[in-house]
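Each remark here refers to the structure printed beneath this line.
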Amino acid sequence: MLRGVSQNLNRAFANRHEAGAELASRLSHYHGRSDVVVLALPRGGVPVAFEVAEALDAPLDIFVVRKLGMPGHPEFAIGAIASGGVRVLSEDVIRWYGIPESAIDAVARQELAELERREREYRQGRPLMDLRDRIAILVDDGLATGSSMRAAVQAVRTHKPARVVVAVPVGAPGACEEFGDITDETVCARMPEPFSAVGQWYRDFSQTTDDEVHALLQQHAEHAQTKDGPP
């Protein structure tokens, strides 16, 4: 199932927090459910997911994914890796450009090192929340090629959730539609055409820092403790 508004919206989001608030309004049918977990793809997905988790009154965790960039052109995705040893490759692109397996392995090793660093940095020894029989909502700041999110979906499935939902504030229409085949629900709040890059739809698309990730995870955890504590 794909939920979204497929039209050319000229107004960009002010920032990721505003985008998250709009996305949360499209996920209101999950509000208050005890079986929902919001999973942010760091780092840019964390401010968006924070707003979603706050609005839905749901737990917030991270799910680390790293894009695999084309050798010599790292901004162009040829695949992605995710926690748990999952690797997703764009086989058509790799064949078209004749990228050797050794070059892909070299990029993957480099990105695996960063993935493991982020796991240590953000988790600080905490395990991933138990996803079995729960609704896992994967959140990022946008979908362009979708390779990173595709790896995340595949990796999350290994944890046996009841449902996997992909949710983004903005995405390329083609990418959003493709996810209908691998998710139980896909929510793209905006699907503008033409679509060139996620950052085009944010007035402030500055890089989210490790400190911001820590602060938002901590803030949400404190809010949850306050709600669960004695009156």
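For the chain, the relative contact order works out to 29 percent when only alpha carbon pairs closer than 8 Å and six or more residues apart are counted. The H on the amide N of Phe63, modeled in the peptide plane, is under 5 Å from the matching H of Ala40, Leu41, each at least 5 residues off or on a different chain. With each label modelled as a point 7 angstrom along the Cα→C-beta vector, the Ala197-Asp181 pair spans 2.8 nm.
Note down the net charge around Arg126, summing +1 for each Lys or Arg and -1 for each Asp or Glu among other residues with Cβ under 14 Å from its Cβ. Here the count lands on -1. Would you please give the FRET efficiency between Asp210 and Met129, computed as 1/(1 + (r/R0)^6) with r the Cβ-Cβ distance and R0 = 22 Å, to the nearest 0.05? Result of the calculation: an efficiency of 0.60. Since only Leu217, Ile182, Gly171 are under comparison, the one whose Cα sits farthest along the positive direction of the charge dipole of the chain, derived from C-beta charges on Lys, Arg, Asp and Glu, is Ile182. The separation of segment 20-83 from segment 102-127, counted between C-alpha centres, amounts to 17 Å. Angle check, please: helix 210-228 long axis (alpha carbons) against the longest principal axis of the chain (alpha carbons), in degrees 0 to 90, nearest 10. Taking the Cα atoms of the chain, the angle to 210-228 is about 30 degrees. Summarising the overall dimensions of segment 185-231 from its C-alpha atoms, the Rg and Dmax are 16.8, 51 angstrom.
Measuring r between the beta carbons of Glu91 and Ala224 and using R0 = 41 Å, the FRET efficiency lands at 0.50. Its Cα gyration tensor gives segment 89-150 an equivalent ellipsoid. The semi-axes, each the square root of 5 times an eigenvalue, are 28, 18, 10 Å from largest down.
FYI, it's all coordinate maths here, none of it is from the lab. Remember, it's a predicted structure, so these values are computed and weren't measured experimentally. With ideal geometry, Cβ positions are generated from the backbone for all residues, glycine too; neighbour counts draw on all protein chains shown.
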